[in-house]
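The structure appears below as structure tokens.
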Amino acid sequence: AQTVTQSQPEMSVQEAETVTLSCTYDTSESDYYLFWYKQPPSRQMILVIRQEAYKQQNATENRFSVNFQKAAKSFSLKISDSQLGDAAMYFCAYRNNNNDMRFGAGTRLTVKP
Amino acid sequence: SQTIHQWPATLVQPVGSPLSLECTVEGTSNPNLYWYRQAAGRGLQLLFYSVGIGQISSEVPQNLSASRPQDRQFILSSKKLLLSDSGFYLCAWTRDSYNEQFFGPGTRLTVL
């Protein structure tokens, strides 16, 4: 079974600085998708970024980028120029082609002014 | 554009009472639908998913059931709630296996 591990329960970053959230996963499949979701205090799940496993190029969305290392099964999220509004729970997620979607336990990010 | 609705937003129920949570999607057809539960401070646990009307797959054995009576309607039910059923329930949809899931606003369920 696929598992997703986020080894950092909590992280803290100074406003305007850069922070990296870690995620590793376990799978025997070669074709899958990886996601980072953000859950602010409102608890609405918001997609931050996605990565297709067949793409070697790391995905980027404005201040958010990933470091996808397929061989190492690692998928970290880098947030540049952190803003107060980035404070939230961040979930890493894995999905295969059979509707199997798994989430990590989450990392709570605090942004200090 | 597509939107997903869940209701109620919050619910407090006594142990042993029935449960019905509803999720509907607008602006798309034949979506894949999902029910998740999120315990306090925890990640998401997939409970059920559906790829079509009347088609339900269960991920974990539990006190809950799901139904899909219409293409864009997904219902989470229980005949008798347990204390352990308390949590935050999220419904999500996706077009197919290749796209990300979009989540509803969630229902906070407290069983007393």
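Tabulated results
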item	result
For segment A:27-113, diffusion coefficient by Stokes-Einstein and Kirkwood Rh (Cα), 25 °C, 0.890 mPa s, µm²/s	180 µm²/s
Packing-based ranking, highest mean first, of B:86-95, A:94-103 given that Cβ atoms within 10 Å are counted	B:86-95, A:94-103
A:K55 versus A:S30: modelled label distance in nm, points set 7 Å from Cα along the beta carbon direction	2.0 nm
Computed over chain A: relative contact order in percent, which uses C-alpha pairs under 8 Å that are six or more apart	37 percent
Cα-centred dipole magnitude for chain B, charges only on beta-carbon of K, R (+1) and D, E (-1), debye, nearest 20	280 debye
Longest site-free stretch - chain A; sites: GluC sites (Glu not before Pro), DSSP loop, at most 15 other Cβ within 10 Å	A:30-113
Whether segment A:63-106 is rounded, prolate or oblate, judged on the alpha carbon gyration tensor where a/c under 1.5 counts as rounded	oblate
Alpha-carbon gyration tensor eigenvalues x 5, square-rooted, for the protein assembly as shown, Å	30, 21, 16
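All of the numbers you see were taken from the coordinates with simple rules; none came from a lab. This structure is a prediction, so every number in the text was calculated from the model and none was measured. Don't worry about glycine lacking a Cβ; one is built from the backbone with ideal geometry, like all the others, and counts go over all protein chains shown.
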